[in-house]
Amino acid sequence: MTLTPEEALEQAALAGIHRLRIPTPFAVGRVNCYLLEDEPLTLIDTGPNSGKALDELQGQLGQRGHSIDDLELVILTHQHIDHLGLVEIVVEHSGAEVAALGLAAERLASFGEESEREDEFAVELMLRNGIPQEVAFALQSVSRSFRGWGARAEVTRPLEDGQVMPFRDRVLQALHRPGHSPSDTVFWDEERRILIAADHLIAHISSNPLIARPLDGSERRTQALATYIESLKKTREMPAEIVLSGHGEPIVDHVALIDERLAKHERRKEKIYALIAERPRSGYELAQAIWGNVAVTQAFLTLSEVIGHADLLVNEGRVREAGEGEVVRYEAT
Ligand SMILES: [Zn+2]
């Protein structure tokens, strides 16, 4: 029998996993952090770096009889600032260890420089795909203005894909599931069939596979959507009963949700193929044909979507990239 999302939260709480909903200044709304009442006392994700988020984190921990100072371990699910911005302050107050994917440790440690490089990478990608300079530069300054909500993190417990983390009352297995970001890591409690999935899978919105710099520091972009689809297929095979997300409500039927997401990507891929088959188009032209003005205000997001699906078509041999001067155009083979 399938649980309701409310029952799933109750069941997670009985297993000592408590959702803390921390405010963010971003369109996504609150972020879900999880308190693990176990030994060590653990916080999974911290929320963004703001006074309001800190207040609410302290308040919500207080409701459960804890304080930030009591935390012994912080686990980071991925590199996005709405999830990790408070980590520096939390560690300063508590002396907690920080566990995260080892491959992401350098990225997390040099937050400032890495964010700057990430922005430069994004600008270059946008220009190469036909986005006008003024739009690309405007987005770069928006991204810079958000940086204060992030922070650097010193990972003291680097995790490997598949690594088992023992606690007093449970074991969690860390599984690398890149796609939404290169560092996405989910945490699997096999005994209770609970998966803490953060932004890898979200009930009410699809997790945008944003194009990002690879964690190895190379400048070659990843195929974010193709990678994400591979990750989703792995998660689909897991016998999870409850999936706890980074935003919104728990997922109680992850197989149905993943099938829905995969079908949506398939439809969008065919829509993009039809546009390319009509005539060669740049990523920006494709985004405009699909989203109109949103392709301007959300240029990087929509471009990530277009390139992600075009990658799938290139991998299938149906589309190729054709360089025409500086701007890349996709054409049917
Ligand atoms: Zn995220």
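The values are calculated or read from the model by the stated rules, or taken from the named source; none is laboratory data. These numbers were taken from a predicted model, which means no experiment stands behind them. Note: ideal-geometry Cβ built from the backbone for every residue, glycine included; neighbour counts use all protein chains shown. With ligands, DNA and RNA removed, areas are computed over all heavy atoms of the protein, side chains included. Shrake-Rupley method; radii C 1.70, N 1.55, O 1.52, S 1.80 Å.
Does any residue in segment 243-260 that is within 13 Å of Asp199 (Cα to Cα) come within less than 8 Å, Cβ to Cβ, of a residue that is acidic (Asp, Glu) six or more places away or on a different chain, and which pairs are these?
Pairs that qualify, where the first residue is within 13 Å of Asp199 (Cα to Cα) and the partner is acidic (Asp, Glu), are Ser245/Asp199; Gly246/Asp45; Gly246/Asp199; His247/Asp199.
Mind telling me which of the residues Ser207, Ser181, Ser218 ends up being within 12 Å of the ligand (Cβ to nearest atom), free of Cβ contacts under 8 Å to residues at least 60 places away in the same chain and part of a loop (DSSP other than H, G, I, E, B)?
Being within 12 Å of the ligand (Cβ to nearest atom), free of Cβ contacts under 8 Å to residues at least 60 places away in the same chain and part of a loop (DSSP other than H, G, I, E, B) holds for just one of Ser207, Ser181, Ser218, which is Ser207.
Kindly indicate whether Val91 is open to solvent by 30 Å² or more (accessible area, probe 1.4 Å), assigned to a helix (DSSP H, G or I) and of a type in the set (Val, Ile, Thr).
yes
Output the residue which, of all residues in segment 282-296 that are touching a helix residue (DSSP H, G or I) at 6+ places or on another chain (Cβ under 9 Å) and open to solvent by 20 Å² or more (accessible area, probe 1.4 Å), is nearest to Glu124 (Cα to Cα).
Filtering first and then ranking leaves Tyr284.
Ser143 - would you say it is touching a Leu at 6+ places or on another chain (Cβ under 9 Å), hydroxyl-bearing (Ser, Thr, Tyr) and under 28 Å from Ala53 (Cβ atoms)?
no
Of the residues that sit in segment 184-199 and are in a loop (DSSP other than H, G, I, E, B) and crowded, with 23+ Cβ neighbours inside 10 Å, which one is farthest from the ligand (Cβ to nearest atom)?
Filtering first and then ranking leaves Asp184.
If you check Gly65, Gly51, Gly47, which single one turns out to be surrounded by fewer than 17 Cβ atoms within 10 Å (Cβ to Cβ), on the phi > 0 side of the Ramachandran plot and either of a type in the set (D, E, K, R) or at pLDDT 95 or above (or both)?
Gly65
I'd like the full set of residues that are among the hydrophobic types (A, V, I, L, M, F, W, C), within 16 Å of the ligand (Cβ to nearest atom), touching a helix residue (DSSP H, G or I) at 6+ places or on another chain (Cβ under 9 Å) and open to solvent by less than 10 Å² (accessible area, probe 1.4 Å), limited to segment 69-88.
Once the filter is applied, which keeps residues that are among the hydrophobic types (A, V, I, L, M, F, W, C), within 16 Å of the ligand (Cβ to nearest atom), touching a helix residue (DSSP H, G or I) at 6+ places or on another chain (Cβ under 9 Å) and open to solvent by less than 10 Å² (accessible area, probe 1.4 Å), segment 69-88 yields Leu76, Leu84, Leu86, Val87.
Within segment 306-328, track down each residue that is at pLDDT 95 or above and of a type in the set (D, E, K, R).
Matches in segment 306-328: Asp311, Glu316, Arg318, Arg320.
Considering every residue within segment 253-264, establish whether at least one is surrounded by fewer than 21 Cβ atoms within 10 Å (Cβ to Cβ) and in a loop (DSSP other than H, G, I, E, B).
Yes, segment 253-264 contains a residue that is surrounded by fewer than 21 Cβ atoms within 10 Å (Cβ to Cβ) and in a loop (DSSP other than H, G, I, E, B).
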